[in-house]
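A.B. asks: I have a structure here, written as structure tokens, and I will follow up with some questions on it.
The values are calculated or read from the model by the stated rules, or taken from the named source; none is laboratory data. Predicted model, so just to flag it, every value in this text is computed and none were measured. Because the Cβ atoms are built from the backbone with ideal geometry, glycine has one as well, and the counts that use them run over all protein chains shown. These accessible areas exclude ligands, DNA and RNA; they are computed on the full protein's heavy atoms, side chains included. Shrake-Rupley method; radii C 1.70, N 1.55, O 1.52, S 1.80 Å.
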Amino acid sequence: QVRLVESGGGLVQPGGSLRLSCTASGSGFSRYIMSWYRQAPGKARESVATITDGGTTTYKDSVKGRFTMSRDNAKTSVYLQMNNLKPEDTAVYYCHARYLAYNSWGQGTQVTVSS
């Protein structure tokens, strides 16, 4: 079992940057496929970025070229570097871990992009 804690959210102006962090407690972190999801008010939760246990990343089309996901297995952490943020990126961002049939969610961190 793994517990996930996100940090790094906040208020930023359009065009600005934020770096989200997600730290996992528990064993076997390097085996997990890790993802960042987001949920805007009144909308469904959606996948933003995923990194496999081998380090391969995939991104939602609307964030490609602006967001970069990475992982540090030694620190049992994943990160989401978000650049050139837009108002439509405003949402609660959640960290997610998956291994076989097991999955776990963090509590979320708010990102607000507004002038």
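A.B. asks: Of all residues in the range 8-28 being touching a strand residue (DSSP E or B) at 6+ places or on another chain (Cβ under 8 Å) and free of Cβ contacts under 8 Å to residues at least 60 places away in the same chain, which is farthest from Thr109 (Cα to Cα)?
C.D. replies: Gly26
A.B. asks: Could you tell me whether Gly42 is outside any strand (DSSP E or B), in contact with a Leu (Cβ under 8 Å, 6 or more places away or on another chain) and within 22 Å of Ser114 (Cβ to Cβ)?
C.D. replies: The answer is no for Gly42.
A.B. asks: Just to verify a result, which residue in the range 82-115, among those that are more than 12 Å from the chain's Cα centre (by Cα) and polar (S, T, N, Q), is surrounded by the fewest Cβ atoms within 10 Å (Cβ to Cβ)?
C.D. replies: In this case the residue turns out to be Ser115.
A.B. asks: Go through the range 53-71 and give me each residue that's over 13 Å from Tyr32 (Cβ atoms) and open to solvent by 40 Å² or more (accessible area, probe 1.4 Å).
C.D. replies: Listed by number, the residues that qualify are Thr56, Thr57, Thr58, Tyr59, Lys60, Asp61, Ser62, Lys64, Gly65, Thr68, Ser70.
A.B. asks: Report yes if some residue within the range 85-101 is touching a Gly at 6+ places or on another chain (Cβ under 8 Å), at pLDDT 95 or above, under 21 Å from Ser115 (Cβ atoms) and among the hydroxyl-bearing types (Ser, Thr, Tyr); otherwise report no.
C.D. replies: yes
A.B. asks: Also: Tally time: how many residues in the range 72-81 are among the aliphatic types (A, V, I, L, M) and either modelled with pLDDT under 95 or open to solvent by 80 Å² or more (accessible area, probe 1.4 Å) (or both)?
C.D. replies: Residues meeting the conditions: 1.
A.B. asks: Here's a follow-up. Just one of (1) surrounded by fewer than 18 Cβ atoms within 10 Å (Cβ to Cβ); (2) at negative phi; (3) of a type outside the set (D, E, K, R) trips up Gly28, so point out which.
C.D. replies: Against the list (1) surrounded by fewer than 18 Cβ atoms within 10 Å (Cβ to Cβ); (2) at negative phi; (3) of a type outside the set (D, E, K, R), Gly28 comes up short only on (2).
A.B. asks: Anything in the range 1-33 that is charged (D, E, K, R) and touching an Asp or Glu at 6+ places or on another chain (Cβ under 8 Å)? List them, or say none.
C.D. replies: Within the range 1-33, Arg31 is the sole residue that qualifies.
A.B. asks: For residues that are among the aliphatic types (A, V, I, L, M), open to solvent by 30 Å² or more (accessible area, probe 1.4 Å) and within 13 Å of Ala97 (Cα to Cα), tally how many sit in the range 4-25.
C.D. replies: Matching residues across the range 4-25 total 1.
A.B. asks: On to the next question. Which residue is nearest to Asp72 (Cα to Cα), if the candidates are limited to the range 31-44 and must be open to solvent by less than 40 Å² (accessible area, probe 1.4 Å) and within 11 Å of the chain's Cα centre (by Cα)?
C.D. replies: Met34
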